[in-house]
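Notes for the one structure printed next.
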Amino acid sequence: MQGYNAIVVFDENADKMLMCKRRRNPYKGLSNFVGGKIEKNENGLEAAYRELEEETSITKNDIILSHLMDFTYHFGNCYLEVYVGKLNKAIAVSGDENELYWSGLEHNFFDATKYAGEGNIGHIMMHVEMFKNELLK
């Protein structure tokens, strides 16, 4: 079973979240969290920090990630680990995999015409909101 991660990154004030506009399928043209594959012999948290740095230039020194939830897709033979963190300072993000941008939090993240994941982004954001005090210290 192949593992993947999705990383919810908040800016240092926790009033914006980092998103990417996908340049490839699946979900080409839709907004998504940053993330990627968990490599063989790599634990989930290590993979999350590696993918975060590769895709955004954010390092372990800039953020502390918390493991929020997992999804297992038995028919797709894959699973997704979701991590959340808040930057400890303002930094310039950069990456060439997808177009990165800072999103406000007021959007309807369940809108499948704008956001990847068949509503998962909305579901994840509802859980982030429920545990915001613990997640975004």
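All of the numbers you see were taken from the coordinates with simple rules; none came from a lab. What you are looking at is a predicted structure, and each value in this text was computed from that prediction instead of being measured. All Cβ positions, glycine included, derive from the backbone under ideal geometry; neighbour counts span all protein chains shown.
Some notes on this structure:
- Count - residues of the stretch 57-73 that are over 20 Å from residue 40 (Cβ atoms) and out of contact with any strand residue (DSSP E or B) (no Cβ under 6 Å at 6 or more places or on another chain): 5
- Criterion: touching a residue at least 12 places away in the same chain (Cβ under 8 Å) and among the basic types (Lys, Arg) - qualifying residue of 28, 60, 16: 16
- Matching residues in the stretch 1-34 - criterion: being under 26 Å from residue 137 (Cβ atoms) and not in a strand (DSSP E or B): 11, 12, 13, 14, 15, 16, 33
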